[in-house]
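Structure first, commentary second.
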Amino acid sequence: ATIAVVFGLTLAREVRRAEQRYAEAEARRHRDALVEAQRRELFSWMSHDLRTPLARMKAITEALGDGVAPDPERYVRQLDHEVDGLAVLVDDLLALSRLSGPGAPVRRQRIDLADIASDALSSYAPQARARGVCLTGAAEPGAVVSADPTDVNRALSNLLDNALRHTGEAGTVEVTCGPEDGWAVLRVADGCGGIPGDALPHLFEPGWRADVARTPGPDRGSGLGLAIVQHAVLAHDGTVEVHNSGPGCVFTVRLPLDDQPAEGRVPASAGAAEEQQR
């Protein structure tokens with residue numbers, strides 16, 4: 001009887017281990033399939049968004065070369081604009097590739113989110129004035145994190161650029177930051193008019209845009225800005241979420257406070273649930 005009990009326990013343990021290995025293998029296959037689907041979608045989007053400006057540049061250079069451009073100076077300015085757009089796209093692709101790679105390196109140092117927010121607000125003030133948008137901000141002391149200032153600044157800059165592009169004239173974009181429940185929390189609220197519920201889950205996908213015409217234009221981003229935000233935040237063990245609120249939507253970034261033990265932090269999901277209720 002003892003041998004049977006021991007055999008039964010051993011068999012049950014091996015069955016559990018086999019089930020766990022099977023579940024882990026299924027999870028890996030699911031992740032690999034998801035990554036492959038996203039990779040194919042990104043390459044498809046890249047080929048389209050690179051081919052279109054290149055075609056426009058080709059047309060401009062041919063018109064200039066054939067001497068049929070009615071306003072050569074305007075054509076040269078347009079060519080310069082197209083080159084700038086391609087440079088932004090390539091820079092964003094490189095940033096996304098670096099941040100989304102396995103074990104993305106993070107050069108950490110102690111930084112205060114209030115300083116990052118203040119610098120970003122100053123940098124974007126002229127753009128906000130030109131668009132007729134009120135850009136405001138407020139910061140509470142103590143939102144100190146261990147992070148790469150370049151990555152954090154890029155994430156906030158992308159959020160601000162997105163907010164200003166989608167906020168109409170006389171609208172408001174507000175940036176706030178401070179410590180909350182063991183996290184350094186940064187919020188960017190805009191006046192975009194809200195985001196359809198079925199679009200919210202896709203906002204951080206590389207190359208995804210809410211409208212059908214996905215080609216970047218004079219007032220469009222590269223389509224990678226929010227994906228870069230998400231990967232930059234995840235590389236720093238944080239979270240980023242978005243929800244509709246008031247005249248627009250609010251993007252919330254949470255980064256672990258420096259020297260704050262993990263057990264002292266309220267789960268980020270709990271904070272997100274509280275925001276959804278407000």
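The values are calculated or read from the model by the stated rules, or taken from the named source; none is laboratory data. Model, not experiment: these values are computed from the prediction. Glycine gets a Cβ as well: all are built from the backbone with ideal geometry, and neighbour counts include every protein chain shown. Areas reflect the complete protein model, heavy atoms only, side chains present, ligands, DNA and RNA absent. Shrake-Rupley method; radii C 1.70, N 1.55, O 1.52, S 1.80 Å.
Here is the figure for the range 47-89: residues that are open to solvent by less than 70 Å² (accessible area, probe 1.4 Å) and either within 21 Å of Asp148 (Cβ to Cβ) or among the acidic types (Asp, Glu) (or both) total 3. The combined condition, being open to solvent by 40 Å² or more (accessible area, probe 1.4 Å), under 14 Å from Ala163 (Cα atoms) and modelled with pLDDT under 85, is not fulfilled by Asp211.
Against the test of being touching a Lys or Arg at 6+ places or on another chain (Cβ under 9 Å) and at pLDDT below 90, the options Ala104, Ala147, Ala87 yield a single qualifying residue, Ala104.
Output the residues belonging to the range 35-64 that are of a type outside the set (Lys, Arg) and modelled with pLDDT of 90 or more. Within the range 35-64, Met57, Ala59, Ile60, Thr61, Glu62, Ala63, Leu64 qualify. Here Asp115 meets each of (1) buried (at least 19 other Cβ atoms within 10 Å of the Cβ); (2) farther than 22 Å from Gly168 by Cβ; (3) at pLDDT 90 or above with one exception, condition (1).
Every condition in (1) modelled with pLDDT under 90; (2) part of a helix (DSSP H, G or I) holds for Ala69 except the one numbered (2).
May I ask you to list the residues in the range 125-181 that are of a type in the set (Gly, Ala, Ser), outside any loop (DSSP other than H, G, I, E, B) and either open to solvent by 20 Å² or more (accessible area, probe 1.4 Å) or closer than 19 Å to Thr252 by Cβ (or both)? Ala125, Ala130, Gly137, Ala138, Ala139, Ser146, Ala147, Ala155, Ser157, Ala163, Gly178, listed by residue number.
Conditions (1) at pLDDT 90 or above; (2) open to solvent by 20 Å² or more (accessible area, probe 1.4 Å), marked per residue:
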| site | (1), (2) |
| --- | --- |
| His231 | no, yes |
| Glu241 | yes, yes |
| Gly246 | no, yes |
| Val253 | yes, no |
| Pro256 | yes, yes |
| Ala262 | no, yes |
| Ala270 | no, yes |
| Glu274 | no, yes |
